[in-house]
Amino acid sequence: QRHTKCAGLGRPRSLAAQWRTRAGRSGPSMGFGVMTAIQVLVLFGNALAVLHEERFLNKVGLSENDVALDNGVKRQIVHLLKAVRTLLRVPLIPINAVLVVYLLFLG
């Protein structure tokens, strides 16, 4: 392994830091980009997909039985959670796999 020394610090730089320097970037990126927004959306989708109705949603009053007669915002939130849990569970699996591979190689 060939490590180059950091300027003035005397410690070896990582391979990722060497690659960033060769690619024209001098340090870590501090911006909020498209990939960060995609990661946030995928993590938010994961959080909604794993909510369990009997273990969690009943305790906080967001089960379908609790809002059966309610026509307000609470019922709409319950139906949104159910739709997200039903529709996004299967697509989130390959999306997560692609995101993990992307982060392993380019992260």
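Within region 69-78, the set of residues being part of a loop (DSSP other than H, G, I, E, B) and among the aliphatic types (A, V, I, L, M) comprises just one member, Leu69.
Condition check ((1) in a helix (DSSP H, G or I); (2) open to solvent by 80 Å² or more (accessible area, probe 1.4 Å)) across all residues:
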site: Met35; (1), (2): yes, no
site: Ile38; (1), (2): yes, no
site: Val42; (1), (2): yes, no
site: Val67; (1), (2): no, no
site: Thr86; (1), (2): yes, yes
site: Ile95; (1), (2): yes, no
site: Val98; (1), (2): yes, yes
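If you go through region 44-65 and keep only what is surrounded by 11 or more Cβ atoms within 10 Å (Cβ to Cβ) and part of a helix (DSSP H, G or I), you end up with Phe44, Gly45, Asn46, Leu48, Ala49, Glu53, Phe56, Leu57. Remark: pairs (first residue in region 38-67, farther than 19 Å from Leu87 by Cα; second residue open to solvent by 50 Å² or more (accessible area, probe 1.4 Å) and at pLDDT below 75; Cβ separation under 9 Å; 6+ apart in sequence or on different chains) = Asn58/Asn65; Asn58/Asp66. Within region 55-90, the set of residues being farther than 29 Å from Val100 by Cβ and in contact with a Ser or Thr (Cβ under 8 Å, 6 or more places away or on another chain) comprises Val78 only. The residue that is nearest to Leu48 (Cα to Cα), counting only those in region 71-84 that are open to solvent by less than 90 Å² (accessible area, probe 1.4 Å) and among the β-branched types (Val, Ile, Thr), is Val84.
The values are calculated or read from the model by the stated rules, or taken from the named source; none is laboratory data. Computed from a predicted model, the values in this text were never measured in an experiment. Positions of Cβ are generated from backbone atoms using ideal geometry, with glycine treated the same way; all protein chains shown enter the neighbour counts. For the accessible areas, the whole protein counts, side chains as well, though only heavy atoms, and no ligand, DNA or RNA atoms are used. Shrake-Rupley method; radii C 1.70, N 1.55, O 1.52, S 1.80 Å.
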